[in-house]
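Here's the structure we're looking at; comments come further down.
The values are calculated or read from the model by the stated rules, or taken from the named source; none is laboratory data. Quick caveat: nothing in here was measured; it's all calculated off a predicted structure. Neighbour counts run over all protein chains shown; Cβ positions are idealised from the backbone, glycine included.
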Amino acid sequence: MTSSLSPAQAPVEKPSPPPVAILPAQVAQIYSFVHPALLLSLYAFRFKALVAEPVQELLADLPWLALLQLLYVIVCLPPAGSAPAADSSVPDSKASARSSSGPGAVLRSSKPGLRKRHSGGKNDWSRVWAKLMPTFLSFALTSFLATPVLAILLVLFGAPLTTHNVETVLCAAHMALLSATPLIYVHGVDGAVWREVWGIARPADAVWGSALGTGLGAWFGAIPIPLDWDRPWQAFPITILTGAYIGYALGSVISRTPFIYGKRIQFVPEEDDDEKKTN
Amino acid sequence: MAKSVRASVSKRNRANLRKNVFGPVADARTERLAAKLQELASQPRPSQEKPTGEQSSEKAGEDANGANPVMNEDEMELDAKASKNRVQKAGRVQKRNRKPRNSMVSGRMAILSGHWAVLLANLLVPVGILVFSTGFFPYKPLLPGLAILEDIDQDVPPVFDKVIFMVVDALRSDFVYSHESGFQFTQSLIRDGTAIPFTARASSPTVTMPRLKAITTGSVPSFLDVILNIAESDTSSTLAYQDTWLAQLKARGDRLVMYGDDTWLKLFPGMFDRADGTTSFFVSDFIEVDQNVTRHVAFELSQPDWSAFIMHYLGLDHIGHKAGPKSPFMPAKHREMDDVVNEVYSALQQEPHLNSTLFILCGDHGMNEAGNHGGSSAGETSPALLFISPKLEQLGTQLQSPIGQNGDFEYYRTVEQVDITPTLAGLLGLPISRNSLGIFIPEFLNMWDSDGQKLKILHRNARQLLTTVEATFPGSFSSENPTGLDCEVPASDIARAQCLWSRVHELFRETNKEMAFRTISPALHEVLGIAQNVMSSTASNYDVSRLGLGLLITTAAALLVLPTVSHQCARSYHAGLFLALMVIGYGAMMFASSYVEEEQQFWYWICSGWIFYLHIKSGAYKSSSHHGTGLFHRTNAATLGLLMAQRILRRWNQTGQKFAAEPDIAHTLFSRKPAVMWALVALTYMDSGYHFLQGLPAAVLPRLGAFVLPALALVFKMNFVANDSPELLADSILSRLMEAWPKDLSLVWQARLVFACLTCCSLVAIFNRGNSKITGGKSEFAFELADVHIDLAC
């Protein structure tokens, strides 16, 4: 995929997809802020039921969360995929370099704002298709890949292994819907992107920020569990999931602020570039 | 990567700048200074030659660098002067102070000042801790000497003349009172009314020695006693010179005997006429430690010479520590203790010389659900306390027993543990120990017939308690209180007690004998209650100014090292940030009391985060598309392995408070599948044997030793387990194997065989190592040897 770049140039620093901007349409801009707030308030609304019956509640919420997330990605985010519109975009050095890199890459992110503008003239069917395909893909991959991976990570980070398995999987499913669905919708299966995601090296944008926020929030959500307050909400998946939801909302909003947007977390020791962790 | 390339380029640039631009300027200035100073130094004593001059110039250079901010003005002046001399001196000076040395000196100085700050901080931290401790461990004035009975108390006859004091370590209230208890006989005594049950609230720290101090002196020991409890060899904690009910008995000329926990012997050296101490060091000993007490009971019960017979059983505490309060060993231990109670009670009924003997059964502290103690949870602070004697039947308190389990372990009436001292003193006719903060347990007032005697008991208790208040707050009770004060709304507790005390005296003067008890005793009880509260709270009276000063000093120390630390942290970038966050998080954690007990959770949590960070960090370098291996790269596999190992370790042993009873590998899995445990044990021995093999010479015989030794050790271990805790051999194959093993070879001989073999092999290996003369390999081998020893010891 990246064979066009010579290793001598900069082996790791091949141009990675730029940060993803929310679609410029007003509906998208507004809903992108409404959505995290909506999710949080819905979570708060169902919190009591969640504490009372975690498994049933998580399971019942799952389709609704999936619907909301799919609505969010369709309305607010540019889909992955080599839509013909992308090729007709105004020459942009990075975007063109990438699109020229291979017709083999079926699903590719592209400069979203531009494509949106230019795809206006295309017929409706291709627009719908361009959105539907990543939607299905993100939904399928979220369920069959992201959820098991997150469940394994949860266990490795301390979730119970011999008990609470259903809770773990459901918690992972919720986290996957929060973090992975938008990522897959926007980036498809671009290996470079996913390597960056795994290496916490994506430039900050709403999608990546919310995914990172979900993970970090879940990690910080483990803190209240050992406290001796003896509250029912201290049971295993609840605090983790609460942290994940809060982290999702915070991450998606904070990473879009102009100061943070587009910056990366650097794990290579550098003294020049004092970038702080976004979360 | 490009960024890092950029960074390294700019780093190089800066280094170049430092070397080529700033360096010469700084060096030139140092040279100028040095030249000037040297000139000054050489002027008064021109006879002295170059060497001294050189030295002083170097020194001057150092000084000027080190004390830069202070000497700023002088430096400027020197600079101005030096510039004049520069032309003449330049040639000479440059020969002496060459560049490299000069820059080295300045570099060293920069580090040195940091070093001094760190050194100073390290000195300040202990000072700060000391100052803090002096404020944190309050000084309590102890009244010296033994109390004596005053004349007005003489006409209160003692109810009992002897006491049998049976302490069962960690006897939590529910062990005796609940339905699950094995104390059947004791419960029947409660139903008969010959045993009066209480829950005796023990204050924290709930460890044996402070508790014994509380029981015997009636005072509330400080936290300092916890440390002394651990440093058991320390004799400064002795109670030999304090007023205890034991000392009172001894002073009366009575004889005391004591069997059980040797803490008593350390607390009361020379107090006992006959004693046999048991040590609580061997925690896995549930049986011998108690048999060593019980075997003396029958003899002592037949002896008429003592007036206090103390027993202190440790086995129940040992079971708690090893297996928790719900251990299968517990009911059997309950029954064993109950049998002792039965034996003693029958003796009280039958032996004529024991017919006026009080039998007290109590725990020194309780235990929590994990079987540990020391803290202040409900389980730990609620030991049982029973006063037993056939004479107590006259009180007519026939209580229901057993009674249902309740969450706070408060069965029957709750009294303070320190109340034992004045109650015992009153019942035995002894003066109340001078530092006692206890209140006579009112249930036993009815052991006296006349109201006057009851009042005298209470009055004596109040007088003693108010004397201790007076000693702590001088002047509070010396002046006669103006009468007619409203006792309901006084300024402080002490003033209220003062007021009530004067009212008591008023009542004594005014009321007639018949009405006296009913009117005075409530006021007396109130005085006692207030005084006890006031005195108990002084145990936690902190010297706030000292605490503040201590904190200030440690803060200063922290600020001193802050530049150095932040510099170091900044150099390691994210790792430094992570460390800083970890330290801050750890500090913040200390404010959550539950996290003090669940500290391991913090480390698990931060550890998994750290491993993930390491993974990402390595991934940032390694998972480039050229390898094409991505997630399955070796480094990533290693981090995954690390994470998994961390996860397994996390569940190996359930520690802390909250999840202590939940299943884990060491207790649940191994007891369910002993084969897994034995496989791991065998693997460990094999690993030790393999390491041993490396150190042994290549000949056949010694090599054989490396196989024989682990095999022998394993067999010994299995035999030991088969003898000691056969439930770990539940696996049918292993247990049958053990049955087939010849029993006539005793364990001790097997152990000797193993250790002899180990010694032989070690000597051969060391000799071999010495011959092969591999330097540097020795320490490694020593580690292996230590490893083998530890494995075998386990």
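Some notes on this structure:
- Any chance A:LEU5 is away from chain B (no Cβ under 14 Å), in a loop (DSSP other than H, G, I, E, B) and at pLDDT below 90: no
- Enumeration of residues in the range B:603-622 that are modelled with pLDDT under 85 and under 14 Å from B:GLY641 (Cβ atoms): B:LEU614, B:HIS615, B:SER618
- Odd one out for B:VAL283, checked against (1) at pLDDT below 90; (2) more than 17 Å from B:VAL207 (Cα to Cα): (2)
- When we screen B:ARG634, B:ARG672, B:ARG650 for residues that are under 32 Å from the mean Cα position of the chain (by Cα) and either surrounded by fewer than 16 Cβ atoms within 10 Å (Cβ to Cβ) or at pLDDT 85 or above (or both), the only hit is B:ARG650.
- Filtered residues of the range B:144-187 (kept if small (Gly, Ala, Ser) and either loosely packed, with under 14 Cβ neighbours inside 10 Å or within 11 Å of B:GLY429 (Cβ to Cβ) (or both)): B:GLY145
- Annotation: of all residues in the range A:189-230 being within 12 Å of the chain's Cα centre (by Cα) and among the charged types (D, E, K, R), the one that is nearest to the other protein chains (Cβ to nearest Cβ) is A:ARG202.
Table: residues versus (1) surrounded by fewer than 22 Cβ atoms within 10 Å (Cβ to Cβ); (2) of a type in the set (Ser, Thr, Tyr); (3) over 24 Å from A:VAL75 (Cα atoms); (4) at pLDDT below 90.
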| residue | (1), (2), (3), (4) |
| --- | --- |
| A:ILE152 | yes, no, yes, no |
| A:THR162 | yes, yes, yes, yes |
| A:GLU167 | yes, no, yes, no |
| A:MET175 | no, no, no, no |
| A:LEU178 | no, no, no, no |
| A:TRP194 | yes, no, no, yes |
| A:TRP198 | yes, no, yes, yes |
| A:VAL207 | no, no, no, no |
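- Of all residues in the range B:680-707, those being surrounded by 15 or more Cβ atoms within 10 Å (Cβ to Cβ) and within 15 Å of B:THR759 (Cα to Cα) number 9.
Residue by residue, here is whether (1) in contact with a Leu (Cβ under 9 Å, 6 or more places away or on another chain); (2) of a type in the set (S, T, N, Q); (3) in a helix (DSSP H, G or I) holds:
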{"site": "B:LEU385", "(1), (2), (3)": "yes, no, no"}
{"site": "B:SER401", "(1), (2), (3)": "yes, yes, no"}
{"site": "B:ALA425", "(1), (2), (3)": "no, no, yes"}
{"site": "B:LEU437", "(1), (2), (3)": "yes, no, no"}
{"site": "B:ASP449", "(1), (2), (3)": "no, no, no"}
{"site": "B:GLY452", "(1), (2), (3)": "no, no, yes"}
{"site": "B:LYS456", "(1), (2), (3)": "no, no, yes"}
{"site": "B:ALA462", "(1), (2), (3)": "yes, no, yes"}
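- Flag if B:ALA497 is in contact with a helix residue (DSSP H, G or I) (Cβ under 8 Å, 6 or more places away or on another chain), at pLDDT below 75 and among the hydrophobic types (A, V, I, L, M, F, W, C): no
- Boolean, B:ILE420 is among the β-branched types (Val, Ile, Thr) and assigned to a loop (DSSP other than H, G, I, E, B): no
- Members of the range B:590-610 found to be in a helix (DSSP H, G or I), aliphatic (A, V, I, L, M) and within 9 Å of chain A (Cβ to nearest Cβ), listed by number: none
- Test: residue in the range A:231-241 that is outside any helix (DSSP H, G or I) and either within 14 Å of another protein chain (Cβ to nearest Cβ) or free of Cβ contacts under 8 Å to residues at least 12 places away in the same chain (or both): yes
- Residue within the range A:137-155 that is within 14 Å of another protein chain (Cβ to nearest Cβ) and touching a residue at least 40 places away in the same chain (Cβ under 8 Å) present: yes
- Filter result (more than 10 Å from chain A (Cβ to nearest Cβ) and at pLDDT below 85) within the range B:565-579: B:VAL565, B:SER566, B:HIS567, B:GLN568, B:CYS569
A quick yes/no check of all residues on (1) of a type outside the set (Gly, Ala, Ser); (2) in a loop (DSSP other than H, G, I, E, B); (3) modelled with pLDDT under 90:
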| position | (1), (2), (3) |
| --- | --- |
| A:PRO19 | yes, yes, yes |
| A:LEU23 | yes, yes, yes |
| A:ALA28 | no, no, no |
| A:LEU39 | yes, no, no |
| A:VAL55 | yes, no, no |
| A:ALA60 | no, no, no |
| A:LEU71 | yes, no, no |
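- Residue count, the range B:387-399 (criterion: surrounded by fewer than 15 Cβ atoms within 10 Å (Cβ to Cβ) and not in a loop (DSSP other than H, G, I, E, B)): 2
- Residues within the range B:744-789 that are of a type in the set (Asp, Glu) and either under 25 Å from B:ALA722 (Cβ atoms) or at pLDDT 80 or above (or both), tallied: 1
- Residues that are more than 23 Å from A:ALA140 (Cβ to Cβ), outside any helix (DSSP H, G or I), in contact with a helix residue (DSSP H, G or I) (Cβ under 8 Å, 6 or more places away or on another chain) and not small (Gly, Ala, Ser), drawn from the range A:157-207: A:PHE157, A:PRO160, A:LEU161, A:HIS164, A:ILE200
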